[in-house]
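Heads up: the structure comes next, in structure tokens.
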Amino acid sequence: MAPRKYFLSQLDKMYQDVLRMGALVEEALKKSVTALASHDYDLAERIIEEDRSIDKLQVEIEDHCTELLATQQPVASDLREILTTIRIVDDLERIGDHARHLARAVGDISDETFVTVLPSIEEMAERGISMMHDALTAFVDQDAEQAVAVAERDAAIDRMQKTLYGKLIDIVRDHPDKADKAMNLMFMVRFLERLGDHVRSVCEWVVYAKRGEHVELRTPRK
């Protein structure tokens, strides 16, 4: 196989592995939302255990990228794609950690005192999952414009965080004995907000890979 053809086949493998990792992370997030909604402790435990598969795949992808950098002498645009992949899988691994954190919060959300905030938490998680899916599509398609549009959706997640914080504070005012659980749920909401931030970071790297320029995709908060 000609060197360039081989290299392009390895780039394609790299993209497919990133999609595979993204699918694992997306599945973990969806399972976490299900575990929260159904108070499923067994499912929560499986999510925590399955996080190892995400971590393992991250290492495999990074090793593959390192090998390509060391042996294939990529040109500038190829080099950006490889460097972008390394950064994106780091963000995906961190999002996977957030799925694990959500799973650990099942015991807190099962308290009937907090049942009113569950729909908002589910919606916040689903928005983050949708963003991540679309950001990875933009990465594979090398679509900088789509990446910018996806990043703009992070502002809605930030607003939901503020709203949920307000609801949890109101609950604590009425139920001071639930302050510890409310604090745990605030951390969980923070993890969901960070999920959006990591997806925005993925979008920024997609723009870098395509345009060769670093951008900060922040939108005005309303």
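The values are calculated or read from the model by the stated rules, or taken from the named source; none is laboratory data. What you see is a predicted model; the values in this text were computed from it and never measured. A quick note on method: Cβ atoms are made from the backbone with ideal geometry, for glycine too, and the neighbour counts reach across all protein chains shown.
Can M186 be described as within 17 Å of S32 (Cα to Cα) and surrounded by 15 or more Cβ atoms within 10 Å (Cβ to Cβ)?
yes
Condition (residue is among the β-branched types (V, I, T), surrounded by fewer than 16 Cβ atoms within 10 Å (Cβ to Cβ), in a helix (DSSP H, G or I) and touching a helix residue (DSSP H, G or I) at 6+ places or on another chain (Cβ under 9 Å)) applied to region 164-180: is it met by at least one residue?
yes
Does any residue in region 127-149 that is under 11 Å from V207 (Cβ atoms) come within less than 7 Å, Cβ to Cβ, of a residue that is outside any helix (DSSP H, G or I) and of a type in the set (A, V, I, L, M) six or more places away or on a different chain, and which pairs are these?
Between residues of region 127-149 that are under 11 Å from V207 (Cβ atoms) and residues that are outside any helix (DSSP H, G or I) and of a type in the set (A, V, I, L, M), the close pairs are V148/L217.
Taking the condition modelled with pLDDT of 95 or more and of a type outside the set (A, V, I, L, M), does Q146 pass?
yes
Evaluate region 16-34: report whether one residue or more is part of a helix (DSSP H, G or I), free of Cβ contacts under 8 Å to residues at least 12 places away in the same chain and more than 18 Å from the chain's Cα centre (by Cα).
No - not one qualifying residue is present in region 16-34.
Pick from region 189-213 the residues that are of a type in the set (K, R) and touching a residue at least 40 places away in the same chain (Cβ under 8 Å): which of them is surrounded by the most Cβ atoms within 10 Å (Cβ to Cβ)?
Applying the filter and picking the extreme gives R200.
Is it true that M1 is surrounded by 13 or more Cβ atoms within 10 Å (Cβ to Cβ), closer than 21 Å to D78 by Cα and either modelled with pLDDT under 95 or more than 18 Å from the chain's Cα centre (by Cα) (or both)?
no
Which condition does E67 not pass, out of (1) under 26 Å from E204 (Cβ atoms); (2) touching a residue at least 24 places away in the same chain (Cβ under 8 Å), if it passes all the others?
Result: E67 passes all but (2).
This table checks each residue for (1) surrounded by fewer than 17 Cβ atoms within 10 Å (Cβ to Cβ); (2) at pLDDT below 90; (3) farther than 16 Å from V25 by Cβ; (4) hydroxyl-bearing (S, T, Y).
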position	(1), (2), (3), (4)
V89	no, no, no, no
I95	no, no, no, no
E112	yes, yes, yes, no
L118	yes, yes, yes, no
L136	no, no, no, no
D141	yes, no, yes, no
